[in-house]
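Written below as structure tokens is the structure these notes are about.
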Amino acid sequence: MDSWVNSAEILGSDLPLELSGTGNRRALLMDALREAVRSGRLAPGTRLPPYRSLAADLGLARNTVADAYAELVAEGWLAARQGSGTRVAERAAPVTPVHRPRTPERAARPVHDLVQGQPDPSVFPRTAWLASARRALAAAPDDAFGPGDPHGRPELRRALAGYLARVRGVRASPERIVLCSGAAHGLRLLAEVVGGPWAAEEYGLPFHRELLASHGVGTRPLGVDADGARVDGLTRRDRAVLLTPAHQFPTGGPLHPARRAAVVDWARATGGLVVEDDYDGEFRYDRQPVGAVQGLDPEHVVLVGSVSKSLSPALRIGWMVLPQRLVAPVVAAKGEREQFSSATEQLTLADFVESGAYDRQVRRMRQRHRRRRDQLVAALHARAPHVRVTGIAAGLHAVLELPPGTERSAVRAAAWQGLAVEGLGDYLHPGAEHRTAAASLVPHRDGLVVGYATPAESAYPEALGALCRSLPPVSPSPAPAPPQPPAAP
Ligand SMILES: Cc1ncc(COP(=O)(O)O)c(C=O)c1O
């Protein structure tokens, strides 16, 4: 059947709807409406024609159109409100994945966002932040409004030294801390000062590898298994190693205590530097946070942290706790003046930490993330019990292990469900799959990296539904053994 209609009721403009193909008319209509939303012809908020008139225009039964609307509401493409008809859902707007190049799968305007990356922006603690900003501005010394010192405001360095020692076991004095514009900026500065090559975990953030490369520092992959990075693969040639010891990113395990000691031994023996990306160290759910490796040897480990996971990536405030010998070169690389984050924002964060608001926000977020994680585990248990979920003891994301060869199709199926989610392979260091296969360290794993912190509270159950519908079915079990003849008495 091929039928076209110019439906003038839709915001008074023409919307040609093409129901092409044969088969179930409700499904054809749903496809046409999804495509109209995806392509942007139906913008979020657009009111759809009443189902009776669309049914008349398209020559369909009213129930067919009503059912199609209802199903698209359940999938999150449309929203229905008593008295205002059916509209394109606001969340049907394109969701831009964080740090990721767009792939054809993601170009499909997802409705749900389970790409790992950021906390739900709607839970930023506006009132408490505003109170800190007021106090900080009122108490700021005059020099806060002059050209800034590239070390960063002393008030914030003092507050962080206390906080990081108490919560992360970091050995920090304010003099060792240099503020930066997020972890990304810290890595850029370290690349400039330390030079390459670096070793990096074979699973990691591509954006970090790319920014190191753009500063002349090549990386080579270091194997990762259930105990974290295989630090026995480090050599004398490596100038530094980039690690995520508290919660391997993105596979999720902590670095084994023996490996924590081994990486420090490597640094001492070779003069290499351990760069500890402590991106979500506060978010541990099942026991006390795993302390920072930096506490083992502050002269060989740089701890890099930021508020991007705990508060917001928009603040662009991060820190490095540096070995003494690197403080002056890093400050010199930063420039003569603070050019990267505003002194008033730094003072506000200092007050936020000192007043206890930061602890309260982290505690609140920890409870919320843990609840989200539990909902994810329960949904999988109920609807996809064959899928194993790992890396759940900490952080804002988990990994769903998939049968070999099914990752890409699961990402595509998710896109089809209007869900943005990434495969584990998106995080693999280029070349690592060949190296690991050849050296049989760990086989390349198929999996999905599911960020559970981002969706708004109301959107999360639907996002989980779309996720479960995207997962591959149970792999066929081996054929049962043929029945045996009864044993002779
Ligand atoms: C592995 C990892 N490290 C660090 C960060 C923080 O980056 P930034 O402080 O530059 O926003 C992120 C993202 O939030 C991340 O995923």
note = Rounded to the nearest Å, the spacing of the alpha-carbon centers of the stretch 253-283 and the stretch 13-63 is 56 Å
request  = Report, in degrees rounded to the nearest 10, the 0 to 90 angle that the Cα long axis of helix 154-168 makes with the longest principal axis of the chain.
outcome  = 70 degrees
query = So how tilted is helix 460-470 from the main axis of the chain? Cα-based, degrees 0 to 90, rounded to 10.
reply = 70 degrees
ask   = Which value at 222 nm does the chain reach when only helices count, each DSSP H run of 4 or more adding -39,500 (n - 2.57), with the total divided by all residues and rounded to the nearest 500 deg cm²/dmol?
value = -11500 deg cm²/dmol
message = For q values of 0.21, 0.22, 0.23 Å⁻¹, compute log₁₀ I(q)/I(0) with the Debye formula on a Cα-only model of the stretch 303-424, without solvent.
response = -1.22, -1.30, -1.37
key: Solvent exposure ordering (accessible area, 1.4 Å, most first) of D225, D265   = D265, D225
task = Give the ranking of F249, F207 by solvent-accessible surface, highest area first, calculated with a 1.4 Å probe.
result = F207, F249
ask   = Regarding the stretch 153-216, what whole-number volume in Å³ per residue does the convex hull of its Cα atoms give?
value = 113 Å³
query = With every protein chain in place, what's the accessible area of R158 (1.4 Å probe, Å², nearest 10)?
reply = 130 Å²
key: Over the chain: Kirkwood hydrodynamic radius from C-alpha pairwise inverse distances, Å   = 25.0 Å
note = Compactness summary of the stretch 278-368: radius of gyration and Dmax from Cα atoms, Å, are 14.8, 44
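The values are calculated or read from the model by the stated rules, or taken from the named source; none is laboratory data. Nothing here was measured: the structure is a model prediction, and the numbers come from that model. The protein model used for the area step is the full one, side chains on, heavy atoms only, and it has no ligands, DNA or RNA in it. Shrake-Rupley method; radii C 1.70, N 1.55, O 1.52, S 1.80 Å.
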